[in-house]
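Take a look at the structure below.
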Amino acid sequence: MEAGKDDLLFVFHKSNGDMKLSVYDNGVLLRSVNASNFAETISDTETTQARLETILPHFEGKYVVSSFSIFDKKNSRFKSRRIFKYDFETKTATLLKEIQDPSESLYWILKDNDFLYGKLKQKKKVLFVFKSIATMAHTSTIFDSTTFLPEVFGERPGWT
């Protein structure tokens, strides 16, 4: 669960066995998004299976950034991780990044059209990559994983 701007509430939960993000405004359901919203851009094939890992909301509720893992159906081996942006207004999903390293994961999105993904580099060190949704430019940094992230990246509604 995460609080957003202007009394928005984002709830990441399971519904009928599927992961889903629901957006509420003052207790009223505005919209929901799940794997079916991405069906035109990612789905199972004859040889691969796509699994939704997470859905992270933009703090104003304009879009979400989602992560899917792709596995080989024959041996269940990880093939890639794909990160998508789903725009609520246009109802379109756009591929932002494909990651081949299974240790790299989507962490969260920031309020200025950036998202973070990263991996454990060494004991207590994390490599974070900042990726801009608007420009697709990226930068990397390594820091001690014990650092409280809002202190590093700035406050965001819902962080306590």
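The values are calculated or read from the model by the stated rules, or taken from the named source; none is laboratory data. Note that the coordinates shown come from a computational prediction; the quantities given were computed from them, not determined experimentally. We place every Cβ from the backbone using ideal geometry, glycine too, and count neighbours over all the protein chains shown.
Per-structure values
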read-out: Residues that are at pLDDT 85 or above and among the polar types (S, T, N, Q), drawn from the stretch 89-106; value: T90, T92, T94, Q100
read-out: Qualifying residues in the stretch 35-49 (those that are surrounded by fewer than 18 Cβ atoms within 10 Å (Cβ to Cβ) and not hydroxyl-bearing (S, T, Y)) - the one farthest from T92 (Cα to Cα); value: E46
read-out: N37 being outside any strand (DSSP E or B), within 15 Å of the chain's Cα centre (by Cα), over 24 Å from G118 (Cα atoms) and of a type outside the set (A, V, I, L, M, F, W, C); value: yes
read-out: Which numbered condition E60 misses (of (1) in contact with a helix residue (DSSP H, G or I) (Cβ under 9 Å, 6 or more places away or on another chain); (2) buried (at least 19 other Cβ atoms within 10 Å of the Cβ)); value: (2)
read-out: The listed residue being without any contact (Cβ under 8 Å) to a residue 24 or more places away in the chain and of a type outside the set (G, A, S), out of N37, N16; value: N16
read-out: Lone qualifier among L8, L52 - being over 12 Å from Y86 (Cα atoms), modelled with pLDDT of 90 or more and in contact with a Gly (Cβ under 7 Å, 6 or more places away or on another chain); value: L8
read-out: Identity of the residue in the stretch 1-33, touching a strand residue (DSSP E or B) at 6+ places or on another chain (Cβ under 9 Å) and in a loop (DSSP other than H, G, I, E, B), that ends up surrounded by the most Cβ atoms within 10 Å (Cβ to Cβ); value: G4
read-out: First in the stretch 85-108 and closer than 9 Å to Y63 by Cβ, second anywhere and small (G, A, S) and modelled with pLDDT of 90 or more, Cβ under 9 Å, 6 or more apart; value: K85/S66; K85/A93; Y86/S66; Y86/A93; D87/A93
read-out: Filtered residue count, the stretch 40-82, keeping only those that are β-branched (V, I, T), farther than 25 Å from L29 by Cα and under 11 Å from the mean Cα position of the chain (by Cα); value: 0
read-out: Among the residues listed as K74, K79, K97, the single one being basic (K, R), surrounded by fewer than 19 Cβ atoms within 10 Å (Cβ to Cβ) and assigned to a strand (DSSP E or B); value: K79
read-out: Evaluation of G61 against (1) under 24 Å from P102 (Cα atoms); (2) in a loop (DSSP other than H, G, I, E, B) (one fails), failing number; value: (1)
